[in-house]
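The values are calculated or read from the model by the stated rules, or taken from the named source; none is laboratory data. What you are looking at is a predicted structure, and each value in this text was computed from that prediction instead of being measured. Cβ: placed from backbone, ideal geometry, glycine included. Neighbour counts: every protein chain shown.
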Amino acid sequence: MGKLSGEQVKAYHKQYNLQSWSKQGSINPIPVEKAEGIYIWDYEGNRYTDMSSQLVNLNVGHGNRRIIDAIKEQAEQFCYMAPSYAVESRSLLAKMVIDRMPDNMGKVFFTNGGADANENAIKIARMYTGRNKIFSRYRSYHGSTFGAGNLTGEPRRYPLEPGIPGFVKFFDPYLYREQLPFESEEAASAYYVGKLREQICYEGPDSVAAIVMETITGSNGVIIPPKGYLPGVRKICDEFGIMMICDEVMAGFGRTGKLFAFEHFDVKPDIVSFAKGITCGYVQLGGVCVSKEIAAYFDDHLLSCGLTYSGHPLACAAGVACLEYYDEAKILDNVNAVGKVLGELLEQLKETHPCVGDVRYIGLFSSIELVKDKGTREPLVPYGKDPEGIMGKIIGMLRAKGFMTYSHENMLFVSPPLIITEAQLREEMEKMDQVLTQVDQTML
């Protein structure tokens, strides 16, 4: 490569690429020449800091030599082999994933990414239970392919409607915006779990195959379930023979300070979907882990799932190297140490800035919820709408300071690569502080 100038790269991108989630006429992409660690450089030498791990997937940062060398080594051996062949990288990665899962997990089905991981998770749940209905939450994003898009609850599902029969939505415990007063997290959990059980009874428990949840809601606000909530959902699933599916696509592989987010809540899912952090985007890969009972069912029942690139050898080689790096670099230790500092800095922002209504964080996974008024909690922009492009302007203000992230609804996200140091974090959060001061002064 290296044949194009920065101007040509940008011009060709705008002329020939359809960019996701964008009005094409207004895109202004940064032409990237190189990247290393948590930093990105454009062709003019300007440095930007990746404070969202791209799409909350680049956990190990850019330029990880261990992963790059593993991909090269696999490419020299062979680049592709169909899923029906036994391949060292695929076999080893499957074992490594199961070894890191709870002891009830049995096997892995590899996919290309998170959306088709969720697609296959619900297919497996339906085949195993013989039921058709799938419950998922309104404030959720599980992908935008047709099945995963119907699973999704937030406005990115709208272009898929009218949707597939059997997808049922329920409310998640979003306590910052709950109108009912609760004396404790446990009391809130009891209420939400009780309403979910009531809704399942109205839908017919014998028709419900699965309850699908992002263990920690990601791009809809890093909403952390209150104490007792996930064990309560687990109890409902056990009562009615419903599969509990945890979507760990964004929260998995160390983002929250544990390898998987469900570990914080003392539950064992029946099915786990994953992607993103398994290879950190070096080669795309996702997957579905299923319990030993589900795996045994398919010993003599057809697994009607298949993808040309299921368990692609290059991706699996990257995955093996990535998991080894997490262990050897003691990534979880860094997430917990630097994540503690992140939480302290976020609380300072909440205390200081009138525009910050709430901050939510766990490990290096966090959001800043912006409001017009702390007392009324009126969002800075209404749900599903931003007619004046306010959030885009704030992202632009951060970008001008070299702080790269994204927004969704009235929230900003701070989810840097898991290799970030405390010094790097403090440097970048000072930029956030400066931009929020501008928001206080000009947008309230």
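Miscellaneous remarks
- Test result for GLU44, touching a residue at least 24 places away in the same chain (Cβ under 8 Å), in contact with a helix residue (DSSP H, G or I) (Cβ under 9 Å, 6 or more places away or on another chain) and not in a strand (DSSP E or B): yes
- Strands (runs of 3 or more DSSP E) lying entirely in region 311-424 (those with 3 or more residues that are in the same structural domain as ILE223 (by TED's automatic domain parsing), aliphatic (A, V, I, L, M) and closer than 24 Å to GLY61 by Cβ): none
- Condition broken by LYS372, with the remaining ones in (1) more than 23 Å from GLN179 (Cα to Cα); (2) at pLDDT 95 or above satisfied: (1)
- Subset of region 68-86 [under 27 Å from PHE260 (Cβ atoms) and outside any helix (DSSP H, G or I)]: PRO83, ALA86
- Qualifying positions in region 7-17 - of a type in the set (Phe, Trp, Tyr) and exposed (fewer than 10 other Cβ atoms within 10 Å of the Cβ): TYR16
- Hits in region 18-41 (condition: part of a strand (DSSP E or B) and either touching a Leu at 6+ places or on another chain (Cβ under 6 Å) or buried (at least 20 other Cβ atoms within 10 Å of the Cβ) (or both)): ILE40
- Yes/no for ILE211 being of a type in the set (Val, Ile, Thr) and assigned to a helix (DSSP H, G or I): no
- Tally of residues being touching a helix residue (DSSP H, G or I) at 6+ places or on another chain (Cβ under 9 Å) and over 18 Å from PHE265 (Cα atoms) across region 202-226: 7
- Residue within region 145-165 that is of a type in the set (Ser, Thr, Tyr), in contact with a Lys or Arg (Cβ under 7 Å, 6 or more places away or on another chain), surrounded by 24 or more Cβ atoms within 10 Å (Cβ to Cβ) and closer than 21 Å to LEU196 by Cα present: no
- Residue in region 432-444 that is surrounded by 13 or more Cβ atoms within 10 Å (Cβ to Cβ), out of contact with any Pro (no Cβ under 8 Å at 6 or more places or on another chain) and acidic (Asp, Glu) present: yes
- Of everything listed in (1) of a type outside the set (S, T, N, Q); (2) surrounded by fewer than 22 Cβ atoms within 10 Å (Cβ to Cβ); (3) within 21 Å of GLN54 (Cα to Cα), the single unmet condition for VAL414 is (2).
- Listed by position, the strands (runs of 3 or more DSSP E) contained in region 239-304 that have at least 1 residues being in contact with a strand residue (DSSP E or B) (Cβ under 8 Å, 6 or more places away or on another chain) and among the charged types (D, E, K, R) are 243-247.
- The lone exception for ASN59 - which of (1) surrounded by fewer than 12 Cβ atoms within 10 Å (Cβ to Cβ); (2) not in a helix (DSSP H, G or I) it fails: (1)
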